[in-house]
1. Being among the small types (Gly, Ala, Ser) and over 18 Å from Leu29 (Cα atoms) is the filter; apply it to region 62-92 and report the residue that is nearest to the chain's Cα centre (by Cα).
2. What are the pairs, 6+ residues apart or on separate chains, where a residue within region 30-47 that is within 18 Å of Gly73 (Cβ to Cβ) has its Cβ under 9 Å from a residue that is within 11 Å of ligand 1 (Cβ to nearest atom) and hydroxyl-bearing (Ser, Thr, Tyr)?
3. Please determine whether any residue of region 43-61 is more than 16 Å from the chain's Cα centre (by Cα) and loosely packed, with under 13 Cβ neighbours inside 10 Å.
4. Which members of region 27-71 meet the condition of being touching a Leu at 6+ places or on another chain (Cβ under 6 Å) and at pLDDT below 95?
5. Do you know which residues across region 101-124 are assigned to a loop (DSSP other than H, G, I, E, B), modelled with pLDDT of 85 or more and of a type in the set (A, V, I, L, M)?
6. Could you list, in sequence order, all residues of region 44-71 that are within 12 Å of ligand 2 (Cβ to nearest atom) and assigned to a loop (DSSP other than H, G, I, E, B)?
7. Hey, could you check region 12-34 for residues that are away from ligand 1 (no atom under 15 Å from the Cβ), of a type outside the set (S, T, N, Q) and in a helix (DSSP H, G or I) and say which is surrounded by the fewest Cβ atoms within 10 Å (Cβ to Cβ)?
8. Report the residue count in region 67-90 for those that are surrounded by fewer than 21 Cβ atoms within 10 Å (Cβ to Cβ) and under 18 Å from Met17 (Cα atoms).
Amino acid sequence: MNTAVIQDMLQQHKKRMKLNLAACAGCSLCAESCFLFELHDHDPRYMPSFKVLNSLGKLYRTHGRSTQEQLQGMAEIVWRTCVLCGRCYCPFGIDIPNMIALARDILRAQGIAGVYPHSIGEPDDAQGE
Ligand code: SF4
Ligand code: SF4
(Lines give C-alpha, C1' and ligand atoms only; values in the text may rest on other atoms or scores of the structure.)
(Ligands and ions follow the chains in the order given, each with its own letter.)
Protein backbone atom coordinates (compact mmCIF):
# COMPACT_ATOMS: atom_id res chain seq x y z
CA MET A 1 0.00 0.00 0.00
CA ASN A 2 1.32 3.41 -0.96
CA THR A 3 -0.29 6.13 1.16
CA ALA A 4 1.51 8.91 -0.72
CA VAL A 5 -0.11 7.83 -4.00
CA ILE A 6 -3.55 7.79 -2.35
CA GLN A 7 -2.97 11.21 -0.84
CA ASP A 8 -1.81 12.58 -4.18
CA MET A 9 -4.93 11.33 -5.95
CA LEU A 10 -7.15 12.70 -3.19
CA GLN A 11 -5.38 16.03 -3.43
CA GLN A 12 -5.91 16.27 -7.20
CA HIS A 13 -9.70 16.20 -6.75
CA LYS A 14 -9.90 17.68 -3.27
CA LYS A 15 -11.73 20.91 -4.00
CA ARG A 16 -14.66 19.40 -5.88
CA MET A 17 -14.91 16.19 -3.88
CA LYS A 18 -14.75 17.88 -0.50
CA LEU A 19 -17.50 20.26 -1.64
CA ASN A 20 -19.64 17.30 -2.70
CA LEU A 21 -19.01 15.42 0.53
CA ALA A 22 -19.82 18.48 2.62
CA ALA A 23 -22.97 19.16 0.59
CA CYS A 24 -24.41 15.69 1.16
CA ALA A 25 -27.15 16.24 3.70
CA GLY A 26 -27.78 12.53 4.16
CA CYS A 27 -31.36 13.14 3.05
CA SER A 28 -31.53 9.78 1.21
CA LEU A 29 -33.48 11.27 -1.69
CA CYS A 30 -31.03 9.61 -4.07
CA ALA A 31 -31.74 6.15 -2.64
CA GLU A 32 -34.84 5.26 -4.61
CA SER A 33 -33.23 6.19 -7.90
CA CYS A 34 -30.68 3.39 -7.40
CA PHE A 35 -32.03 0.18 -8.88
CA LEU A 36 -29.70 -1.91 -6.69
CA PHE A 37 -31.18 -0.28 -3.58
CA GLU A 38 -34.63 -1.23 -4.87
CA LEU A 39 -33.54 -4.77 -5.77
CA HIS A 40 -32.10 -5.34 -2.31
CA ASP A 41 -35.22 -4.40 -0.40
CA HIS A 42 -33.95 -0.97 0.58
CA ASP A 43 -30.88 -2.36 2.29
CA PRO A 44 -29.17 0.84 3.53
CA ARG A 45 -25.80 -0.45 2.28
CA TYR A 46 -27.08 0.14 -1.24
CA MET A 47 -27.97 3.77 -0.66
CA PRO A 48 -25.80 5.88 -3.00
CA SER A 49 -24.85 8.24 -0.17
CA PHE A 50 -23.80 5.31 2.04
CA LYS A 51 -21.54 4.01 -0.72
CA VAL A 52 -19.83 7.34 -1.21
CA LEU A 53 -19.47 8.26 2.46
CA ASN A 54 -17.96 4.86 3.27
CA SER A 55 -15.49 4.83 0.41
CA LEU A 56 -14.27 8.17 -0.91
CA GLY A 57 -15.58 9.97 2.17
CA LYS A 58 -13.60 7.66 4.42
CA LEU A 59 -10.46 8.15 2.34
CA TYR A 60 -10.70 11.93 2.78
CA ARG A 61 -11.56 11.65 6.48
CA THR A 62 -8.51 9.49 7.17
CA HIS A 63 -6.28 11.55 4.82
CA GLY A 64 -5.62 8.40 2.83
CA ARG A 65 -4.25 6.55 5.84
CA SER A 66 -6.48 3.51 5.57
CA THR A 67 -5.34 -0.02 6.31
CA GLN A 68 -5.26 -2.70 3.63
CA GLU A 69 -8.31 -4.27 5.27
CA GLN A 70 -10.21 -0.99 5.15
CA LEU A 71 -9.33 -0.56 1.47
CA GLN A 72 -10.61 -4.08 0.78
CA GLY A 73 -13.84 -3.18 2.54
CA MET A 74 -14.18 -0.12 0.31
CA ALA A 75 -13.60 -2.29 -2.76
CA GLU A 76 -16.55 -4.42 -1.71
CA ILE A 77 -18.69 -1.30 -1.59
CA VAL A 78 -17.63 0.44 -4.79
CA TRP A 79 -17.67 -2.66 -6.99
CA ARG A 80 -20.24 -4.99 -5.49
CA THR A 81 -22.89 -2.44 -4.62
CA CYS A 82 -22.58 -0.07 -7.57
CA VAL A 83 -22.39 -0.53 -11.33
CA LEU A 84 -21.77 3.15 -12.16
CA CYS A 85 -24.97 3.26 -14.19
CA GLY A 86 -25.49 6.94 -13.42
CA ARG A 87 -29.18 6.60 -12.60
CA CYS A 88 -28.96 8.03 -9.09
CA TYR A 89 -30.27 11.54 -8.80
CA CYS A 90 -29.29 14.05 -6.16
CA PRO A 91 -31.31 17.29 -6.05
CA PHE A 92 -28.20 19.04 -4.75
CA GLY A 93 -26.23 18.11 -7.85
CA ILE A 94 -23.87 15.66 -6.19
CA ASP A 95 -22.41 13.37 -8.82
CA ILE A 96 -22.37 10.03 -7.00
CA PRO A 97 -21.02 7.84 -9.86
CA ASN A 98 -18.17 10.26 -10.40
CA MET A 99 -17.17 9.96 -6.75
CA ILE A 100 -17.44 6.19 -6.75
CA ALA A 101 -15.36 6.07 -9.94
CA LEU A 102 -12.63 8.07 -8.21
CA ALA A 103 -12.69 5.68 -5.26
CA ARG A 104 -12.26 2.81 -7.72
CA ASP A 105 -9.35 4.57 -9.43
CA ILE A 106 -7.63 5.07 -6.09
CA LEU A 107 -8.11 1.44 -5.11
CA ARG A 108 -6.96 0.21 -8.52
CA ALA A 109 -3.79 2.26 -8.12
CA GLN A 110 -3.18 0.17 -4.98
CA GLY A 111 -3.67 -3.06 -6.90
CA ILE A 112 -7.10 -3.60 -5.36
CA ALA A 113 -10.18 -4.42 -7.39
CA GLY A 114 -13.58 -5.78 -6.56
CA VAL A 115 -16.22 -7.95 -8.11
CA TYR A 116 -19.13 -6.58 -10.10
CA PRO A 117 -22.58 -7.63 -8.89
CA HIS A 118 -23.59 -9.04 -12.28
CA SER A 119 -20.47 -11.22 -12.39
CA ILE A 120 -21.62 -13.12 -9.29
CA GLY A 121 -25.22 -13.48 -10.27
CA GLU A 122 -26.63 -10.29 -8.77
CA PRO A 123 -28.89 -8.45 -9.17
CA ASP A 124 -30.82 -11.29 -10.84
CA ASP A 125 -30.43 -13.39 -7.69
CA ALA A 126 -31.88 -10.59 -5.64
CA GLN A 127 -34.79 -10.32 -8.02
CA GLY A 128 -35.69 -13.91 -7.30
CA GLU A 129 -35.60 -13.43 -3.52
S1 SF4 B 1 -26.28 12.47 -2.35
FE2 SF4 B 1 -27.83 14.10 -2.47
S3 SF4 B 1 -29.82 13.05 -2.43
FE4 SF4 B 1 -28.25 11.59 -1.71
S5 SF4 B 1 -28.25 11.79 0.54
FE6 SF4 B 1 -26.66 13.19 -0.24
S7 SF4 B 1 -27.71 15.15 -0.49
FE8 SF4 B 1 -29.32 13.60 -0.30
S1 SF4 C 1 -24.45 4.68 -10.20
FE2 SF4 C 1 -24.32 3.21 -8.50
S3 SF4 C 1 -25.35 4.25 -6.82
FE4 SF4 C 1 -25.96 5.31 -8.69
S5 SF4 C 1 -27.85 4.31 -9.37
FE6 SF4 C 1 -26.18 3.27 -10.42
S7 SF4 C 1 -25.69 1.51 -9.09
FE8 SF4 C 1 -26.88 2.97 -7.85
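1. Ala75
2. Here the result reads Pro44/Ser28; Met47/Ser28, each pair linking region 30-47 to a residue that is within 11 Å of ligand 1 (Cβ to nearest atom) and hydroxyl-bearing (Ser, Thr, Tyr).
3. no
4. none
5. Scanning region 101-124 gives Ile112, Ala113.
6. Met47, Ser55
7. Of everything passing the filter in region 12-34, Lys15 is surrounded by the fewest Cβ atoms within 10 Å (Cβ to Cβ).
8. 4
The values are calculated or read from the model by the stated rules, or taken from the named source; none is laboratory data. What you see is a predicted model; the values in this text were computed from it and never measured. Cβ sites come from the backbone with ideal geometry, for glycine too, and all protein chains shown count toward neighbours.
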